[in-house]
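Here is the structure we will look at, set down as C-alpha cells.
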Amino acid sequence: FLQIELDLKGHRSIEESFRALVDGERLEGDNAYELDSGGKVAAVKRLCLGELPPTLVIQLKRFEFDYEKMVNVKLNSECSFPMRLDCSPFTRRGLECAARGEPLPPSPPYELAGVVVHAGSSGGGHYFSYACPRDGPTAGKWFAFNDTKVTRFDEARLPQQCYGGGAAAA
C-alpha cells in the first residue's frame, strides 16, 4: 500500500488536490531551488505516482501552523471525494500520455473502503471512522466505528458527515 498526504487548503475535492500535486509549484526568485553549490535555479516542484499500489491511503492535511498567530489551526473547509477514484491521470504514465495528447489506458479505479474523521479543533478532539468491509457477511455495508460503539451507517450520509465545512458526529 501507499499513503499519500494531500493539501486541503485551496482545494474543494481530492481530485483538485491531486491535480495540484502533479501540476506542481514554480520555484523561482527568492523561492528558487538552491543547489548544493549554493547557487539558485528556477525549477518546478511536483510529485506523481510511479506505479499504482493495490491499496491507496489518502490523508488530507487538515492541520497547519499559522505563523501570524503562532498557533496550530484546523482547516474545516469542505473537500469532496468520490466513492470510486481513478488515479491513473496522476501517474508518470498518465502525465506522459497527456503531454503527448494520447488517450490514457484504462486502469481499475480505487473503491472507497473507509474514512477517518476528526471532530474538534487543533488543540484536541476525537477520531471516529466509517468503513465498508469488502469481504464476509457484512461486505458492502457501511458501519460507523466510535470507540466501542459500532453501528450501521447510510453511505448516502458520507458527504454530510465527512466532507468538512461543518460539524460531523458519528
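The values are calculated or read from the model by the stated rules, or taken from the named source; none is laboratory data. Quick caveat: nothing in here was measured; it's all calculated off a predicted structure. Neighbour counts run over all protein chains shown; Cβ positions are idealised from the backbone, glycine included. Only protein heavy atoms, including side chains, enter the accessible area calculation; ligands, DNA and RNA are left aside. Shrake-Rupley method; radii C 1.70, N 1.55, O 1.52, S 1.80 Å.
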Where a residue in segment 101-113 is closer than 25 Å to ASP154 by Cα and its partner, wherever it lies, is among the small types (Gly, Ala, Ser) and modelled with pLDDT of 95 or more, with Cβ under 8 Å and at least six apart: ALA113/ALA131
Taking into account only those residues within segment 128-162 that are under 13 Å from GLY114 (Cα atoms) and among the hydroxyl-bearing types (Ser, Thr, Tyr), which is surrounded by the fewest Cβ atoms within 10 Å (Cβ to Cβ)? SER129
In segment 58-75, the residues that are of a type outside the set (A, V, I, L, M) and either part of a strand (DSSP E or B) or open to solvent by 80 Å² or more (accessible area, probe 1.4 Å) (or both): GLN59, LYS61, PHE63, GLU64, PHE65, ASP66, TYR67, GLU68, LYS69, ASN72, LYS74
Selection from segment 83-103 of residues part of a loop (DSSP other than H, G, I, E, B) and in contact with a Phe, Trp or Tyr (Cβ under 9 Å, 6 or more places away or on another chain) yields ASP86, CYS87
Residues of segment 133-149 that turn out to be out of contact with any Cys (no Cβ under 9 Å at 6 or more places or on another chain) and over 26 Å from LYS74 (Cβ atoms), as a count: 5
With (1) over 17 Å from the mean Cα position of the chain (by Cα); (2) under 26 Å from ALA156 (Cα atoms); (3) of a type in the set (Lys, Arg) as the list, and LYS40 as the residue in question, which single condition is left unmet? (2)
Taking segment 116-166 and keeping only residues that are of a type in the set (A, V, I, L, M), part of a strand (DSSP E or B) and more than 24 Å from PHE65 (Cα to Cα), one is left with ALA131, ALA144, VAL150
Meets criteria (within 24 Å of PHE143 (Cα to Cα) and surrounded by 13 or more Cβ atoms within 10 Å (Cβ to Cβ)) for CYS87: no
Can you tell me which residue in segment 1-23 is most open to solvent (accessible area, probe 1.4 Å), limited to those that are within 20 Å of CYS79 (Cβ to Cβ) and in a loop (DSSP other than H, G, I, E, B)? ARG12
Consider SER17 carefully, then state whether it is out of contact with any Ser or Thr (no Cβ under 6 Å at 6 or more places or on another chain) and not hydrophobic (A, V, I, L, M, F, W, C). yes
